[in-house]
Amino acid sequence: VFPSSWMKALRALKRPDKQTLSRLSWGVAAVLVAHWIYDSERANPKFFSEAPTLVGTPQAREFDLDELEKWNANIAPKEEHLTWRNEGQVLKKQ
């Protein structure tokens, strides 16, 4: 009833040898690491800008204005920042 590949896999699980056990342990480790990373990213998005979800709309993270100002201050001093003004639609120094 099962294809030959399924029969081979079932036989390997019934009497696992060293290679099969090694593959199983690496597979379990990969699943645990993926679950750990997924849970930590949902709690505190660090690598992605949105908290990951398997289904539904991603939950976008909002940046705090203080956090953005600190980030901008690390790039360039406040006096050198460019600001957008609607007058003539050009970038001007503040």
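The values are calculated or read from the model by the stated rules, or taken from the named source; none is laboratory data. Nothing here was measured: the structure is a model prediction, and the numbers come from that model. Cβ placement follows ideal geometry from the backbone for every residue including glycine, while neighbour counts extend to all protein chains displayed. When the accessible area is computed, the model is the full protein with side chains, heavy atoms only, and any ligands, DNA or RNA have been set aside. Shrake-Rupley method; radii C 1.70, N 1.55, O 1.52, S 1.80 Å.
Quick notes
- Residues of segment 9-30 that turn out to be charged (D, E, K, R) and surrounded by 11 or more Cβ atoms within 10 Å (Cβ to Cβ), as a count: 2
- Cross-chain or 6+ apart pairs with Cβ under 8 Å, segment 1-28 first and without any contact (Cβ under 8 Å) to a residue 12 or more places away in the chain, then polar (S, T, N, Q) and open to solvent by less than 80 Å² (accessible area, probe 1.4 Å): A12/T20; L13/T20
- Residues of segment 24-56 that are aromatic (F, W, Y) and modelled with pLDDT under 85: F47, F48.
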